[in-house]
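Input: a single structure, listed below in structure tokens.
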Amino acid sequence: AHTAVKIEPRYQRAPTVYVPDASRAVGVVSQLLNPETRDAYWTEIRTEYEEVRTRAANRRPRPALPYADAVARGLQLDWQNYRPPVPRRPGVQVLRDYPLEALVDTIDWTPFFITWNLVGKYPAIFDDALVGEQARQLYDDARRMLDKLIAERRLRASGVLGLWPANRVGSDDIAVYDSEEREREIARLHHLRQQTVPSAESDPLLSLADFIAPAATGIADYIGAFAVTAGLGADEIAAEYQAQGDDYNAILVKALADRLAEAFAEHLHLRVRREFWGYSPEEALDNADLIRERYRGIRPAPGYPACPDHTEKCALFGLLEAERHTGIRLTENWAMLPAASVSGWYFSHPQARYFNVGKLQRDQVEDLAERKSMAVKDLERELASVLGYTPPTGGRPDKRSATDPA
């Protein structure tokens, strides 16, 4: 809705399309670049956006609680009867030139078909009366290309993960320490809390910080992070196909790199649970259960609903030295290059779960800006898509300016 309501009406130089998942970007761009489909596709999108704007104008927003009240309604876990698992291999582990063949079994093929605008779950899509035959042909082409990429070893994957002592400090921050003595912080992670009044009175208002033991309990807890890519060499290979006029295989390479990156994230999380952290050493789930997330723990990514603040990638990449170890770099707008890259946090608590932070009110944004030593207006720009208010255009000073001392 943010794209339809706030961005597209103000940007008329070219089509503006919201893509809910990176796996769909290739298909969207392909339709916009194709002169035979571009006009009809854009007309369809603009019609949809008009409907979204109409619904948004008529929607009555759910009430929100003040930030202090939301904190008071946070998730209360029983820390006194729980002992967090100690990582078997703490610190940073680097996985350069990871074998692509090890990632094939954890590929989620359903988003791959969505990339090509073929809707249906894998493998049931092959039996679909409308798109089944096309999906089968596409899948066969993809498997041939995948075999070629693996055999030639021109497409490469690299990753890095880290596991550190950590504790919650304050309401929504997590202190990461360099050792079990927990005397020196090496990072402070800043998380966001739900403020929208839940439908059930008993429902807590969640923050990812809720899943880490507060320092005041004296309980030793831990947090993890990762960054993986399977896109090293993808642009060069795709460019060669494009130079030959073969857009189909160029798109196929990039789509497969994206699927392999997601598979790498799934595969590495499995290894973390079994061996690096080791809290589920006997886990034996098949790929379908991995896709359904039927395991203990979560791996939320900065920029996604549970932690929509993209600027937290700075802390993540700093802890991991991700660019040096993997070749993944951050752009000025927090995108990762190569595009076929995934990064995020590891939480091990059995009650940790994904959620949507939802709309934020100014009191929480002001509090977060102070904790991050950022100007409120700068943070509002970064969090524009999740603000539950319209930022002032002038006349109201920030609680903290960008030039204030830390």
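The values are calculated or read from the model by the stated rules, or taken from the named source; none is laboratory data. Being a predicted model, the structure only gives us computed values, none of them experimental. As a convention, Cβ positions derive from the backbone with ideal geometry for all residues, glycine included, and neighbour counts pool all protein chains shown.
Out of (1) among the polar types (S, T, N, Q); (2) assigned by TED's automatic domain parsing to the domain that holds E185; (3) touching a Ser or Thr at 6+ places or on another chain (Cβ under 8 Å), what's the single condition that is false for Q93? Among (1) among the polar types (S, T, N, Q); (2) assigned by TED's automatic domain parsing to the domain that holds E185; (3) touching a Ser or Thr at 6+ places or on another chain (Cβ under 8 Å), Q93 violates only (3).
Restricted to region 157-181, and to residues there that are out of contact with any helix residue (DSSP H, G or I) (no Cβ under 8 Å at 6 or more places or on another chain) and in contact (Cβ under 8 Å) with a residue 24 or more places away in the chain, the residue that is surrounded by the fewest Cβ atoms within 10 Å (Cβ to Cβ) is E180.
Here D105 passes the criteria (1) crowded, with 17+ Cβ neighbours inside 10 Å; (2) part of a helix (DSSP H, G or I); (3) touching a residue at least 60 places away in the same chain (Cβ under 8 Å) except the one numbered (1).
Checked against the criterion of being basic (K, R), more than 28 Å from C307 (Cβ to Cβ) and in contact with a strand residue (DSSP E or B) (Cβ under 7 Å, 6 or more places away or on another chain), region 149-162 has at least one qualifying residue. Residues that are modelled with pLDDT of 95 or more, of a type outside the set (G, A, S), closer than 27 Å to P204 by Cβ and buried (at least 16 other Cβ atoms within 10 Å of the Cβ) occur at least once in region 315-322.
No other residue among A301, A335 is out of contact with any helix residue (DSSP H, G or I) (no Cβ under 8 Å at 6 or more places or on another chain), in contact (Cβ under 8 Å) with a residue 24 or more places away in the chain and among the aliphatic types (A, V, I, L, M) apart from A301. Counting only helices (runs of 4 or more DSSP H) that sit completely within region 1-77, those holding 2 or more residues that are farther than 29 Å from Q364 by Cβ correspond to 25-33, 38-58. Only one of these is closer than 30 Å to D258 by Cβ and either touching a Lys or Arg at 6+ places or on another chain (Cβ under 7 Å) or assigned by TED's automatic domain parsing to the domain that holds G303 (or both): E240, E185. Name it. When all the criteria are applied, what remains is E240.
Between residues in region 254-278 that are more than 22 Å from R154 (Cβ to Cβ) and surrounded by 24 or more Cβ atoms within 10 Å (Cβ to Cβ) and residues that are modelled with pLDDT of 95 or more and among the charged types (D, E, K, R), which pairs lie under 7 Å by C-beta distance while being six or more apart or on different chains? Listed by first residue and then by second, the contacts come to H269/R299; W277/R88.
Of the numbered criteria (1) touching an Asp or Glu at 6+ places or on another chain (Cβ under 8 Å); (2) part of a helix (DSSP H, G or I), the one S158 fails is (2).
The residues in region 272-308 that are under 21 Å from L206 (Cα atoms), over 10 Å from the mean Cα position of the chain (by Cα) and of a type outside the set (A, V, I, L, M) can be counted, and the count is 5. Of A315, A301, all but one fail to be assigned by TED's automatic domain parsing to the domain that holds I107 and outside any loop (DSSP other than H, G, I, E, B); the exception is A315.
Any residue at all in region 275-298 that's charged (D, E, K, R) and closer than 12 Å to M145 by Cβ? Taking every residue of region 275-298 in turn, none turns out to be charged (D, E, K, R) and closer than 12 Å to M145 by Cβ. A count restricted to region 182-220 and to residues that are crowded, with 20+ Cβ neighbours inside 10 Å and of a type in the set (D, E) stands at 1.
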